[in-house]
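For reference, the structure I am asking about is given below.
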Amino acid sequence: MRPDVVHLRSTRTHELATLVVCAAIVAACSQTSTSVSAPSASKCAVAVTNAPSAPFPSTGGNGTLGVSTTRDCTWTVSADSSWVSIATTSGQGDGSVQFSVSANLVPSPRSAALIVSSQRVPVNQAAAPCRFDLSRSSDSIDASGGRLSTNVATVAGCAWSAASNAGWIAIESGTSGNGNGAVVLNVGGNAGPDRVGQVTIAGQTYTVSQSSPGSAGPPPPPPSGAVEVSGKAQNISGRCPAIQFELSGTIIVTTADTDFRKLKCSDVKRDVRLSVQGFLQIDGIVLATRVAKTD
């Protein structure tokens, strides 16, 4: 083969290789790649600080959680119970969450949780204390004896009992209860001197004074039956729905069965004009079946 032919082929091969390399370089240089991604899950780890360590009191309260994460990371927060409210539902980066716990009116503890991203933060609250009120704390009765009664006002779930500390005072009904209730007593006749006995009802003392046969004693109660009394409310005591007040000198007591018209039980205030329908008990107290505002 002629030397000039070999040299020509070698030159062309070299040029072809150079073109292939340049084409590859141009193709690579002409491609543009853009990649945008959110922070990874490991980068967006969320830490919660200042979580409540003790139960909130039954009266409720406020708290603040601290949230710690990187600046670009977002987080959410929610409450799994209606009695826990939050001021914000989301955030980004480090932040805080203010929350409120409403009062617990039930005599049993309760639990909820704040959910910050995937973390559950327990929120506990103490039970409401049981409070008991009597519509009447004392009564007087003549030597012949008879029936007396008083109402117990409390919240559902609060149990109570009644026990007589005197042999001549018997509990006719209401030896125990849960929530609002009534205790009816039967006082025996007295052939001796004046005497005083006590009944323990829901931890409260109810005192009964009974006169002797020779003393005048309290006036006999009017006959029982359906009555209607009107006037301005005075001397209000107790807790709804079992309250006690006076109208025109007559003592009125209400229960959970009393029908309130044109007002609520809590609207019974001093000097509010009322009309009451009910039944007169042997002790002279009117057990109200309906209370209406007359103004």
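On a full-extension model of 0.36 nm per residue, what is the gain between A159 and R195, subtracting their alpha-carbon distance, rounded to one decimal in nm?
Gain on extension, A159 to R195, equals 9.9 nm.
Let me ask something else. Work out the length of the dipole vector of the range 160-295 about its Cα centre, built from +1 on the beta-carbon of each Lys and Arg and -1 on the beta-carbon of each Asp and Glu, and round it to the nearest 20 debye.
It works out to roughly 440 debye.
Could you compute the FRET efficiency for S144 and Q204, with r as their C-beta to C-beta distance and R0 at 41 Å, rounded to 0.05?
Efficiency, rounded to the nearest 0.05: 0.95.
Determine the dipole magnitude for the range 94-189: charges of +1 sit on the beta-carbon of Lys and Arg, -1 on that of Asp and Glu, nothing else is charged, the reference point is the Cα centre, and the result goes in debye to the nearest 20.
Dipole size: approximately 240 debye.
7 Å from Cα along Cα→Cβ at both L105 and T76: what's the point-to-point distance in nm?
3.2
Which ³J(HN,Hα) values in Hz, rounded to whole numbers, follow from the phi angles of the range 157-167 under the Karplus curve 6.51 cos²θ - 1.76 cosθ + 1.60, where θ = phi - 60° and Gly and Pro get x?
Calculated HN-Hα couplings, in order: x, 9, 8, 8, 9, 10, 9, 8, 9, 10, x Hz.
Tell me, what HN-Hα J-couplings in whole Hz come from the Karplus equation 6.51 cos²θ - 1.76 cosθ + 1.60 at θ = phi - 60° for each residue of the range 96-108, using x for Gly and Pro?
Karplus values, whole Hz, x for Gly and Pro: 9, 10, 8, 9, 10, 10, 6, 5, 9, 9, 9, x, 8.
Return the sequence-ordered ³J(HN,Hα) values of the range 72-88 in whole Hz as given by the Karplus equation 6.51 cos²θ - 1.76 cosθ + 1.60 applied to θ = phi - 60°, using x for Gly and Pro.
7, 8, 9, 8, 10, 9, 8, 10, 8, 9, 5, 7, 10, 10, 10, 7, 9
Here's something else I'd like to know. What is the fewest-to-most order of L65, L280, L274 by other Cβ atoms lying within 10 Å of their Cβ?
So the residues, fewest neighbours to most, are L280, L65, L274.
Oh, and also: Report the full-extension gain for the segment S248 to S137: residue separation times 0.36 nm, less the Cα-Cα distance, to one decimal in nm.
Between S248 and S137, full extension yields 37.9 nm more.
So, one more: Under the rule of at least 5 residues apart or a separate chain, name every residue whose amide H is placed under 5 Å from the amide H of V272.
Result for V272 returns A233.
If you don't mind, another one. Relative to the Cα centre, what is the charge dipole magnitude of the range 222-295, using +1 at the beta carbon of each Lys and Arg, -1 at the beta carbon of each Asp and Glu, and rounding to the nearest 20 debye?
300
Another question, then. Be a star and scan the range 265-279 for residues whose amide nitrogen sits under 12 Å from the point 7 Å along the Cα-to-Cβ vector of E228.
Residues passing the 12 Å test: 275-278.
Each value in this text was obtained by applying a stated rule to the coordinates, not by laboratory testing. The structure presented is a predicted model; accordingly, all values stated were derived computationally and were not measured. Positions of Cβ are generated from backbone atoms using ideal geometry, with glycine treated the same way; all protein chains shown enter the neighbour counts.
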